[in-house]
1. Filter segment 96-117 for residues that are surrounded by 11 or more Cβ atoms within 10 Å (Cβ to Cβ) and farther than 17 Å from Ile61 by Cβ and give the result.
2. If you go through segment 71-89 one residue at a time, do you hit one that is of a type outside the set (Ser, Thr, Tyr), loosely packed, with under 13 Cβ neighbours inside 10 Å and closer than 21 Å to Arg108 by Cα?
3. Looking only at segment 63-86, decide whether some residue is out of contact with any Lys or Arg (no Cβ under 6 Å at 6 or more places or on another chain) and in contact (Cβ under 8 Å) with a residue 40 or more places away in the chain.
4. Restricting to segment 16-50, what's the tally of residues that are β-branched (Val, Ile, Thr) and surrounded by fewer than 10 Cβ atoms within 10 Å (Cβ to Cβ)?
5. If only one of Ser48, Ser23, Ser72 is among the hydroxyl-bearing types (Ser, Thr, Tyr), part of a helix (DSSP H, G or I) and within 30 Å of Asn94 (Cβ to Cβ), which one is it?
6. Can you tell which of Lys44, Lys52, Lys20 is closer than 30 Å to Ala101 by Cβ and among the basic types (Lys, Arg)?
7. Taking Asp40 as the residue in question, decide whether it is modelled with pLDDT of 90 or more, part of a helix (DSSP H, G or I), out of contact with any His (no Cβ under 6 Å at 6 or more places or on another chain) and charged (D, E, K, R).
8. Regarding Lys44, is this residue under 29 Å from the mean Cα position of the chain (by Cα) and without any contact (Cβ under 8 Å) to a residue 60 or more places away in the chain?
Amino acid sequence: MRTTLHSIERGGSFTDSLNKLVSRTDPVLEALNTATTTFDNITKGKTSLLMKELTGIVSDIQTVAREAKVVSFNAQVMAARAGQHGREFAVVANVLSGITADIDGMSRKAIDLVARNKTN
C-alpha cells in the first residue's frame, strides 16, 4: 500500500504496485464476506428457532385464555342463578372476563410480531 501511495505521489507508474495491492486484498475481502454470510446464516437460524418457540408459547397462552373464558362464562351464569347472593361472585367473574380480553390482546400482538418477523 505504501509503495502504491509513494508511486502515486511521485507521479510514476503505479499500475504494478496497485495490482499487487488488489491481489493481496481480494482474499481478505472474500474471507470477510464469507464470515459475514456465515454470521447472517447463524443469526437467521437462531431467530427462526426463537420465533418457533414464541409461537408455541403464544399458542399455550391462547389455550389458557380460552379455558379462562369458559370458566368466566360459567361463573357469570352461576352468579346470575344465585341472584342477590351471587353479586360478589359476579364481580369476580367479570374481572376474570376482562383479564381474558387483555390476554387475547397481548396474544394478538405477539402473533403480529411473529408474522412481521416471517415477512422480513
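The values are calculated or read from the model by the stated rules, or taken from the named source; none is laboratory data. Since we're looking at a predicted model, the values are computed, not measured. Here the Cβ positions follow ideal geometry from the backbone for every residue, glycine too, while neighbour counts run over all protein chains shown.
1. Correct list: Asn117 only.
2. no
3. yes
4. Adding up the residues that qualify gives 1.
5. When all the criteria are applied, what remains is Ser72.
6. Lys52
7. yes
8. So Lys44 passes the test.
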